[in-house]
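Colleague: Quick one: the structure is below, questions incoming.
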Amino acid sequence: MGPNEKKFKDIPNTIITYKKNDGYAYYLSSNRSHFEAMEIYINNIPFKKYYNGDNSAVMHPINDYILQSGTQTVRIKYISESGMPFRVDFSSSMDIMTLKIGQEFSLGKRHTIYETPTITNRDNPDYQDFAGTGLMVFEDQFTFDAEVPYHFTGWTESQDLTKLKPELLEKKIVSTYQNIIDILKQKDRETLYGMFYQSEFEKTQSKYYKQELFNKFSVKGFDFVLEDPSVKFYPLENYEVKIYGGGKVVALESTTDKGESAIRFDATVTDRRTGDKFEVISNMKVYCHMPEGSNTLVPIR
């Protein structure tokens, strides 16, 4: 049974169905020549973090990182995991694909929007070397323009969390994460729905879902962790506090599984093809902000 939506009747958010010419859906893919670590941030919010050789060349939707039309900023951080400085032949690129709302994925327009910068080899002017050659960490960024029909404040007008004492901020975010874990353990769907309503609403609108998809992915999106008896949460430990969104978004990230959330759990899954069961370790990413006038951290993405 889903949450009692009448409880939230006073929330003035109505799912809007957008038309094809109202705006675009955006997708981003990345690749790199050597699988050193790579972190990608869209508008100062973590998008993907690839460590331990992880990689993905598929197109990922990014509209839920876009709050409104205009210039969007993508920052990339390459980190050597081999213990050796970057070589001259390291390269990486990123592609953007745009679709009109409702357009078939196969009809999307894809183009390369970023390539790692190079410098002329001083010994052989015919060759171009990676600009980060010899470094252990290299950062860069690029921008692109987006046209979307929605306009969200999101975290942009929230409190600056860097002004809080670090120990107080850590106490608040640890308490918030532990509360989420406890709610999941207690199978308290009502409280969980209320806590994530605003963030799920914004993601629904940015991805152009209709009401039925909002119910499927947002209302019922927690069904697995709420209902599967094999889900076992790890203690909230081995974490570090990370601040994003220009100082207005905070998260706890694992120090033992780089780039992943500190909310981690075991579960048993079944291979649909073979019927074999195996255990997996998963995590639940939660980014929080503190709205103006509030003393409480709440999920924003």
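The values are calculated or read from the model by the stated rules, or taken from the named source; none is laboratory data. In this text the structure is predicted, and so the values were computed from the model without any measurement. Cβ atoms come from the backbone with ideal geometry, glycine included; neighbour counts cover every protein chain shown. The protein model used for the area step is the full one, side chains on, heavy atoms only, and it has no ligands, DNA or RNA in it. Shrake-Rupley method; radii C 1.70, N 1.55, O 1.52, S 1.80 Å.
Colleague: Please say if region 24-151 is rounded, prolate or oblate, where rounded means a/c under 1.5 for a ≥ b ≥ c the square roots of the C-alpha gyration tensor eigenvalues, and otherwise the choice is prolate for a/b larger than b/c and oblate otherwise?
Modeller: In terms of gyration-tensor shape, prolate.
Colleague: Of all the accessible heavy-atom surface of region 177-273, with the other protein chains kept in place and a 1.4 Å probe, what percent is carbon and sulfur?
Modeller: Carbon with sulfur: 47 percent of the solvent-accessible area.
Colleague: How much accessible surface does GLU253 have with a 1.4 Å probe, in Å² rounded to 10?
Modeller: Here the residue's solvent-accessible area equals roughly 10 Å².
Colleague: Percentage of Cα-Cα pair distances in region 154-300 greater than 23 Å, rounded to whole percent?
Modeller: 42
Colleague: Now for a different question. Using only Cα positions of the chain, each an equal point scatterer, no hydration layer, compute I(q)/I(0) via Debye at q = 0.08, 0.12, 0.13 Å⁻¹ and quote the log10 values to two decimals.
Modeller: Taking Cα atoms of the chain as identical point scatterers yields -0.41, -0.95, -1.11.
Colleague: Percent relative contact order of the chain, based on C-alpha pairs within less than 8 angstrom and at least six residues apart?
Modeller: It comes to 19 percent, rounded to a whole number.
Colleague: Right, next: Tell me which GluC sites (Glu not before Pro) from region 50-125 have a DSSP coil assignment and no more than 12 other beta carbons within 10 Å of their own.
Modeller: Sites meeting the loop and neighbour criteria: GLU104.
Colleague: Let me ask something else about it. Might you work out the accessible area of LYS248 for me, using a 1.4 Å probe with all protein chains in place, and round it to the nearest 10 Å²?
Modeller: Roll a 1.4 Å probe over it and LYS248 shows about 50 Å².
Colleague: Now for a different question. Modelling each spin label as a point 7 Å along the Cα-to-Cβ direction, I'd like the LYS232/GLU157 distance in nm, to one decimal.
Modeller: 4.7
Colleague: Let me ask another. Note down the relative contact order for region 169-301 as a percent, whole number, built from C-alpha pairs under 8 angstrom at least six residues apart.
Modeller: Result for region 169-301 is 23 percent.
Colleague: May I ask for the Kirkwood hydrodynamic radius of region 143-224, worked out over all distinct Cα pairs and given in angstroms to one decimal?
Modeller: After inverting the mean inverse Cα-Cα distance, the result is 15.3 Å.
Colleague: Of ILE15, PHE142, PHE35, which is farthest along the charge dipole of region 1-158 in the positive direction, counting Lys and Arg as +1 and Asp and Glu as -1 at C-beta?
Modeller: Checked the options; the winner is ILE15.
Colleague: Over region 246-296, what is the mean sequence separation of C-alpha contacts under 8 Å (at least six apart), divided by residue count, expressed as relative contact order in percent?
Modeller: For region 246-296, the relative contact order is 36 percent.
Colleague: I'd like the accessible area for THR133, computed on protein heavy atoms only with a 1.4 Å probe and all protein chains in place. Round to 10 Å², please.
Modeller: Using a 1.4 Å probe on the heavy atoms, I get roughly 60 Å².
Colleague: Could you work out what % of the accessible surface of region 24-151 is carbon and sulfur, using a 1.4 angstrom probe and leaving DNA, RNA and ligands out of the count?
Modeller: 47
Colleague: Compute the accessible area per residue over the chain, keeping the other protein chains in place, probe 1.4 Å, unit Å².
Modeller: 54
Colleague: Here is a further query. Under 12 Å from a point 7 Å along the Cα-to-Cβ line of THR118: which residues of region 77-103 have their amide N that close?
Modeller: Answer for this model: 88-92.
Colleague: Another question about this same structure. Using every alpha carbon pair in region 108-178, what percent of pairs falls into each 10 Å bin from 0 up to the bin containing the largest distance?
Modeller: Calculated over all Cα pairs of region 108-178, the distribution is 12, 21, 21, 27, 14, 4 percent.
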